[in-house]
1. Lysines within cross-link reach of Lys195: Cα-Cα under 16 Å, excluding same-chain residues under 8 positions apart?
2. For the peptides 240-246, 70-76, what is the packing order when you average, over each peptide's residues, the other Cβ atoms within 10 Å and list the highest mean first?
3. Roughly how many nanometres apart are two label points built 7 Å out from the Cα toward the Cβ at Leu29 and Leu1?
4. Place the peptides 47-58, 222-233 in order of packing, highest mean first, counting for every residue the other Cβ atoms within 10 Å and averaging per peptide.
5. Testing the spin-label approximation: label points 7 Å from Cα along Cα→Cβ at Ser79 and Trp101. State their distance in nm.
6. Taking the Cα atoms of the chain, what is the range of coordinates along each of the three principal axes, in descending order and whole Å?
7. Hey, any idea what % of the range 28-131's accessible area is carbon plus sulfur with a 1.4 Å probe?
8. In nm, to one decimal, how far is the modelled label at Glu289 from the one at Lys195, with both set 7 Å along Cα→Cβ?
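The values are calculated or read from the model by the stated rules, or taken from the named source; none is laboratory data. Note that this is a predicted model, so its numbers are computed, not measured. In this analysis, Cβ positions are derived from the backbone assuming ideal geometry, glycine residues included, and neighbour counts consider all displayed protein chains. Heavy atoms of the whole protein, side chains included, go into the accessibility calculation; ligands, DNA and RNA do not. Shrake-Rupley method; radii C 1.70, N 1.55, O 1.52, S 1.80 Å.
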Amino acid sequence: LAIKDMAGLLKPNAAHLLVGAIREEFPTLPIHVHSHDTAGTGVASMLAAANAGADAVDAATDALSGTTAQPSLGALVASTAGTDLDTGLDLHEVSKLNEYWEECRGLYAPFESGQKSGSADVYIHEMPGGQYTNLLYQSTQLGLTGQWSQVKTAYAAANRLLGDIIKVTPSSKVTGDLAQFLVANNLSEEEVIEKAEELSFPNSVIEYFQGYLGIPPFGFPEPLRSRVLKGRTIDGTDGLSCFEGRPGAQLPPYDFASSKTSLEDKWGADKISPHDIMSHALYPAVFDEFMLAKEEYGGVGCLDTRTFLTGMKVGQELDVSLEKGKNLIVKLISVGESD
């Protein structure tokens, strides 16, 4: 049994109570607990779960742990050493491995979200750990810098408007999109319901109410759903305003052969693999952007991470391995001034 706490809401006492009750009822059932450390209680909660009978808990190497990631592996190893829950891992060896990830994280510093510490208000807004950092970055890109606290408050309001849904990709994205919409347009929950027929909601919100993600366990909230969908129909259907049941059941079979032919005609037969066909089926727009980038810049997989992310410095020399036995020496002599 996997217990997935995607927002890090599982507190120590609750973890002990939940896992303990399951273990008492099912003595031989393997139990695996996954959580996030957004509030800073992750290590305590995982220790409580382990003491209550969990067989496995998720953790992250110290350099990548904490906040919206998983609790610290090193802390769990050290805390259980010499007890009945001893992991058998050597803290010194774990620390050596962590040194590599400390250096590695530095390479990706430009992509950090900017979150500096844990935040206990996750117990109020219930934002999943994986989305917290993404939404923080997106809010900045949308011009909502300085309004992060309002976005978090709006996230809780958006969740209520959507029917207190289970928030995991992609439903968490719908909630985040609606939260940003509320802040950007200075809307209250009451105003959203009252003006739903005239508001230009994000497409993800409209598709949620049309049933693209299926039907929520507690159903769709009314009258909001009816007002949002008034006058709207689903493209490719005979005037259907929303799906009944699982949306995938009403989709025609995907024509992989036709997609293969179309992609080969567009990009060249030698550039399309079965993996590419599947990627295009799942994310057609993203796949096209990826192929355009490959056409413009070529294959960049041969570059080391630091060079790929930050570029070369004047005087720097690279030894690039294009294929077995074929190396290319690249040196940046100078960078001219832009026009």
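1. Straight-distance partners of Lys195: Lys230.
2. Ranking, from highest mean packing down: 70-76, 240-246.
3. According to this spin-label approximation, the distance is 0.2 nm.
4. Values: 47-58: 20.7, 222-233: 14.6.
The most tightly packed comes first, giving 47-58, 222-233.
5. Roughly 1.6 nm, to one decimal.
6. Cα extents, longest axis first: 65, 63, 44 Å.
7. For the range 28-131, the apolar C and S fraction of the accessible surface comes to 56 percent.
8. Computed distance between label sites Glu289 and Lys195 equals 2.9 nm.
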